[in-house]
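Undergrad: Handing you this structure, nothing more for now.
The values are calculated or read from the model by the stated rules, or taken from the named source; none is laboratory data. Keep in mind it's a predicted model, so treat the numbers as computed, not measured. Cβ placement follows ideal geometry from the backbone for every residue including glycine, while neighbour counts extend to all protein chains displayed.
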Amino acid sequence: MIPDFDVIGFRFGIRYGDFWGHRGFTHSLLFAAFLASAVLLIGFWRVLPGPGRFPIWMYLFLATASHGFLDAMTDGGLGVAFFSPLDNHRYFLPWRPIHVSPIGIGRFFTDRGLAVLQSEFLWIWLPAAVLALSVWLMRRRATPST
């Protein structure tokens, strides 16, 4: 959710398509790398140095970057500035099955908000649950019983 803090910019006159606008720099791959690094340094500073840090960083990076990729699969907005600050062009993925969420809590509790929840359940939560269940079953099967 941290990348979506950029919506605060609307209150300060920052336009959607600006560098700091919605789905701008905070949705970029560079921001995902910065955020992963900051969380790693602040939250995991006791982890032993060396290769033990890289998997944690990669997980945090992919978790943050996935937000932009999911936004690029929505059917609205201006796209995602994946390569900001080098390129502020906004991109969508070719496949866009997820309904775009309305901005603002009041607009979310409407029929459109319900359609967004249904779309996100189908295209995000259900596949994530199937993946998590599959990993759990594979780990359970690989663990020797006592």
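Undergrad: Could you please let me know if ARG90 is out of contact with any Phe, Trp or Tyr (no Cβ under 6 Å at 6 or more places or on another chain), surrounded by 11 or more Cβ atoms within 10 Å (Cβ to Cβ), closer than 17 Å to PRO3 by Cβ and at pLDDT 95 or above? Break it down stepwise before answering.
TA: Working: out of contact with any Phe, Trp or Tyr (no Cβ under 6 Å at 6 or more places or on another chain): yes; surrounded by 11 or more Cβ atoms within 10 Å (Cβ to Cβ): yes; closer than 17 Å to PRO3 by Cβ: yes; at pLDDT 95 or above: yes.
So ARG90 fits the description; yes.
Undergrad: Next question, about the same structure. Report yes if ARG112 is at pLDDT below 95, charged (D, E, K, R), touching a helix residue (DSSP H, G or I) at 6+ places or on another chain (Cβ under 9 Å) and part of a helix (DSSP H, G or I), otherwise no. Show your work before the answer.
TA: Details: at pLDDT below 95: yes; charged (D, E, K, R): yes; touching a helix residue (DSSP H, G or I) at 6+ places or on another chain (Cβ under 9 Å): no; part of a helix (DSSP H, G or I): yes.
No: the conditions fail for ARG112.
Undergrad: Quick check on THR110: is it among the polar types (S, T, N, Q) and exposed (fewer than 12 other Cβ atoms within 10 Å of the Cβ)?
TA: Yes, satisfied.
Undergrad: Could you please let me know if SER101 is without any contact (Cβ under 8 Å) to a residue 60 or more places away in the chain and outside any loop (DSSP other than H, G, I, E, B)?
TA: Details: without any contact (Cβ under 8 Å) to a residue 60 or more places away in the chain: yes; outside any loop (DSSP other than H, G, I, E, B): no.
For SER101, the condition - without any contact (Cβ under 8 Å) to a residue 60 or more places away in the chain and outside any loop (DSSP other than H, G, I, E, B) - is not met.
Undergrad: A further question follows. Can you name the condition, by its number, that ASP18 falls short on among (1) acidic (Asp, Glu); (2) touching a Gly at 6+ places or on another chain (Cβ under 7 Å); (3) within 26 Å of PRO127 (Cα to Cα)?
TA: (3)
Undergrad: Mind listing whichever residues of the stretch 113-135 are loosely packed, with under 14 Cβ neighbours inside 10 Å and either in contact with a His (Cβ under 8 Å, 6 or more places away or on another chain) or of a type outside the set (A, V, I, L, M) (or both)?
TA: ALA115, GLN118, PHE121, TRP125, PRO127, SER134
Undergrad: Checking ARG23 against (1) at pLDDT 90 or above; (2) at negative phi, which single condition isn't satisfied?
TA: (2)
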